[in-house]
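This report concerns only the one structure given below.
The values are calculated or read from the model by the stated rules, or taken from the named source; none is laboratory data. Since the structure is predicted, the reported quantities are computational estimates derived from the model, not experimental observations. Glycine also receives a Cβ, built like all others from the backbone with ideal geometry; neighbour counts cover every protein chain displayed.
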Amino acid sequence: MVDVRLSGVRKEYDGVTALEELSIHVENGEFFTLVGPSGCGKTTTLRAIAGFEEPTAGTVQFGTREMTGVPPEDRDVGIVFQNYALFPHMSVAENVGYGLRFRDPPGTVTRDERVQSLLELVDLADFGDRNPDELSGGQQQRVALARALAPGPDVLLLDEPMSALDARLRDDLRTQVSRIQSDLGITTIYVTHDQEEALAISDRVAVMHDGRIEQIGSPEDVYRRPKSRFVAEFVGENNVFSGETAAHETGGSLVAVDDHEFRVADATDGNVTFCVRPEALRLGGGENTFSATVETVEFLGEAFRVHLDWNGKPVILRVSEAPENDRVRVGFDARDAHVVEGGTPELVEQR
Ligand code: ADP
Ligand code: MG
């Protein structure tokens, strides 16, 4: 097992920059996720780690080993892609065994024993003789995972492995991948555009945007303390307010958004952007209150998601009971307003 370090990794394709100066340190045994919208550079980063792409600048290191010029088959990485990529003419067991084409199984076991133990690991012990087309999408992805793990790689790389599956299968596979990763303690770098999946499965996440990293932190960190407007809006739902500081008070500032003043945690003078999560807003009172019009109400099962209009601006509210009237008073506390632009140095330091 190893840690993985990317230092100043840059990738250009014909003068177009796909990655700018990416620096990431993935710890040994960590489940680390790259999350961001389509086209932000997640696959390019994974391919640079796997050795399918050489960075235009910068280095990739596994432990103390510098990987420049090392071909993929010599990097000890296991890879799972979005589209199963199983061989249709081979049985499930043969597909897993194919993972051992470059090397012997780790330890003293035979190839067949290794294949069988991997099939057990992914809960497909009795499926070895089947053909891939007799398996569900989720089962096929577990075969792909078993194949990737067969040689006992140092690093596991997964590129949107669940995006072709429907919701229920995706949930099941997510739980299994998480269990297998923590059982094996293998350093894992996972790629997804699905922020919910990223929060659920990872020790830490890197939020990517336009070939850059916006923020690295624990799922709770990036959700509760987004460092930029992009992260605030990409990770979970958020209500973003932009205004200007009107006054400072003890323990907070007044920020004027249109002609309404909100109390938020310390903000600097000038332009300020802060956000309030839909679940931090509530019907009725709060340190800050405003009136809004109910546009639509969606029943989500465990909660209602209410789309409001406040002075022509959309505001989302998440509550356990649906509002009874078309016109509502909404409140939130100053401490639930998280400043993403225009904070004090102490606040910037904290976030
Ligand atoms: P993601 O996986 O986050 O969707 P990618 O890493 O696939 O993003 O792509 C990042 C950027 O690099 C995109 O703008 C994409 O068009 C560009 N890109 C990726 N691969 C190539 C390539 N082989 N040639 C030219 N441009 C590429
Ligand atoms: Mg991709």
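Tabulated results
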{"item": "Segment 247-278, residues that are farther than 27 Å from SER218 by Cβ, touching a Ser or Thr at 6+ places or on another chain (Cβ under 8 Å) and not basic (Lys, Arg)", "result": "ALA247, SER253, LEU254, VAL255, ALA256, VAL257, ASP269, GLY270, ASN271"}
{"item": "Test: GLY8 is within 22 Å of the chain's Cα centre (by Cα), small (Gly, Ala, Ser), more than 8 Å from ligand 1 (Cβ to nearest atom) and exposed (fewer than 15 other Cβ atoms within 10 Å of the Cβ)", "result": "yes"}
{"item": "All positions within segment 52-84 that are in a loop (DSSP other than H, G, I, E, B), crowded, with 16+ Cβ neighbours inside 10 Å and not acidic (Asp, Glu)", "result": "PRO55, MET67, ARG75, PHE81, GLN82, TYR84"}
{"item": "Sole residue being more than 7 Å from ligand 1 (Cβ to nearest atom), surrounded by 19 or more Cβ atoms within 10 Å (Cβ to Cβ), assigned to a strand (DSSP E or B) and touching a residue at least 40 places away in the same chain (Cβ under 8 Å), chosen from THR33, THR17", "result": "THR33"}
{"item": "Looking only at segment 20-30, and only at residues there that are part of a strand (DSSP E or B) and surrounded by fewer than 19 Cβ atoms within 10 Å (Cβ to Cβ), the one that is nearest to ligand 1 (Cβ to nearest atom)", "result": "GLU20"}
{"item": "Strands (runs of 3 or more DSSP E) fully within segment 277-335 counting 3 or more residues that are of a type in the set (Phe, Trp, Tyr) and more than 24 Å from ARG225 (Cα to Cα)", "result": "none"}
{"item": "Filter result (closer than 20 Å to THR68 by Cβ, within 16 Å of ligand 2 (Cβ to nearest atom) and either out of contact with any helix residue (DSSP H, G or I) (no Cβ under 9 Å at 6 or more places or on another chain) or modelled with pLDDT under 95 (or both)) within segment 14-42", "result": "GLY41"}
{"item": "Single residue of PHE52, PHE102, PHE62 found to be of a type outside the set (Ser, Thr, Tyr), at negative phi and touching a strand residue (DSSP E or B) at 6+ places or on another chain (Cβ under 8 Å)", "result": "PHE62"}
{"item": "Within segment 111-169, tally of residues that are touching an Asp or Glu at 6+ places or on another chain (Cβ under 9 Å) and acidic (Asp, Glu)", "result": "2"}
{"item": "Pairs, first within 9 Å of VAL35 (Cα to Cα) and within 12 Å of ligand 1 (Cβ to nearest atom) in segment 184-199, second in a loop (DSSP other than H, G, I, E, B) and polar (S, T, N, Q), C-beta under 6 Å, six or more apart", "result": "HIS193/SER38"}
{"item": "Sole residue being under 30 Å from ARG10 (Cα atoms) and in contact (Cβ under 8 Å) with a residue 24 or more places away in the chain, chosen from PRO55, PRO88, PRO71, PRO106", "result": "PRO55"}
